[in-house]
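Q: The structure is given below, and queries will be raised subsequently.
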Amino acid sequence: MSTIMTKDKEVLEEKEMNRKKVKVQSKRRKSTREKVVDVIVFVLLLAGALIMLFPLIYMILCSFMTKNQILSGSLTLIPDPVLIGKYSEVLSKGSFFNGILNTVKVEIPVLLIGGFTSSLSAFAFAKMNFRGKNGLFLALLATIMIPFAVVMIPQYVLFTKLGWTNSLLPLIVPGCFGNVSMIFFLRQNLYSIPNDLMDAAKLDGCGYFRTYWMIFLPLMKGALGTQLVLWFMGIWNDYLAPTIFLRSEKLWTLQVVIRSFNSYYAIQSDYALIMAASVIAMIPTLVLFFIFQRVIVESIAISGIK
C-alpha cells in the first residue's frame with residue numbers, strides 16, 4: 001500500500017510540474033506576443049508623430065536655406081550652406097515688432113478681464129442656485145457650435161456702426177465678456193470642489209462675491225491658468241478676425257503682418273524670410289505649451305471626470 005501511495009504521489013507531483021511548465025511557457029509566449037505588439041504600436045505611433053511633425057521641421061529647416069536650395073525642385077532637408085541672416089532681417093523690420101506689440105495690446109486686457117468674467121460666470125453656474133440656471137447654461141454652451149464665419153458679417157456691420165472698425169476694440173471688447181469654452185471648463189472643475197465650503201462661507205457671513213474671491217478662485221487657479229494659456233495661444237494665432245476688422249497697417253497684429261510678408265516676399269521667392277518670421281512667431285506658443293504641458297493635461301483630465 002505504501003508503495004502504491006508513493007507512486008500516486010509521484011504521479012501527482014509530475015502532473016503538477018507539467019502544469020507549471022505549461023503555464024510558464026504560456027506566460028512566456030504571451031509576454032513575447034505582447035512585446036511584439038508593443039513594438040508594432042510604438043513604430044506606428046512614431047511614424048505618425050514624424051509625419052505630423054515633418055511640416056514643422058521642414059519649415060524650420062527652410063528658414064536656414066538659400067533661395068536656390070528651396071526652389072531646386074528636389075526635397076532637401078539639410079541646409080547647405082546654413083544661413084541665419086533671415087532671422088536678423090525679420091527682426092530688423094519695424095512692422096514685425098509693431099505686429100507683436102498690437103497682439104500684446106489685445107492679449108493683456110482680454111486675458112485679465114475675460115479670465116475674471118469667465119471664472120465668475122463659472123462660479124455662478126456651478127455653486128449658485130437661481131431660476132433657469134441649467135437652461136441659460138445650455139443656451140450659452142450652444143453658442144460654441146456657431147462658427148465665426150456665420151457671425152463675422154453681422155459683427156462687422158455692428159462694429160462699423162459703432163465706429164470701432166480699423167481699431168483694436170473689436171478684438172478686445174467681445175473677449176472681455178468671457179470665453180464660453182473657459183466657462184464650461186471651469187464649471188466642470190468647480191464641481192469637483194465640495195459644496196460644504198459654500199455652506200461654511202455662508203455661516204461665516206460671506207457674500208457670493210467674497211466667497212468666490214476668497215475661497216473658490218484660489219482653488220481653481222490651476223485650471224484658470226491652463227485656460228488662460230490656451231486662450232493666449234488662440235489670440236496669438238488669430239488671423240481671420242484681425243484681417244476683417246483691421247485696415248490700417250499700423251494696427252495689424254502679428255499673423256496679419258506675416259500674411260503681408262507672404263504676399264510681398266513670395267513674389268521675390270524669398271521663402272526663407274517668410275519661414276523665419278513664422279518660426280519666430282511660433283516660439284512663444286511653443287514655450288508656453290512645453291512649460292505648462294503637464295498642468296494642461298492634468299487639468300483637462302480632472303475636469304473630464306464629471
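The values are calculated or read from the model by the stated rules, or taken from the named source; none is laboratory data. This one's a predicted model, so the numbers in the text were calculated from it and none came from an experiment. Backbone-built Cβ (ideal geometry, glycine too); neighbour counts: all protein chains shown.
Q: Give the number of residues within the range 221-254 that are surrounded by fewer than 20 Cβ atoms within 10 Å (Cβ to Cβ) and of a type in the set (S, T, N, Q).
A: Here the count works out to 3.
Q: Residues in the range 194-220 that are touching a helix residue (DSSP H, G or I) at 6+ places or on another chain (Cβ under 6 Å) and buried (at least 16 other Cβ atoms within 10 Å of the Cβ): how many?
A: Qualifying residue count, the range 194-220: 7.
Q: Okay, next question. Name the pairs whose Cβ atoms lie under 9 Å apart, with the first residue in the range 74-91 and under 23 Å from residue 53 (Cβ atoms), the second surrounded by fewer than 12 Cβ atoms within 10 Å (Cβ to Cβ), and 6 or more positions between them or separate chains?
A: 77/57
Q: Also: Could you check the range 46-90 and list, in sequence order, the residues that are small (Gly, Ala, Ser) and within 11 Å of residue 275 (Cα to Cα)?
A: 63, the sole residue that qualifies.
Q: Modelled with pLDDT of 90 or more, among the polar types (S, T, N, Q) and part of a loop (DSSP other than H, G, I, E, B) - does that describe any residue in the range 190-199?
A: There is no residue in the range 190-199 that is modelled with pLDDT of 90 or more, among the polar types (S, T, N, Q) and part of a loop (DSSP other than H, G, I, E, B).
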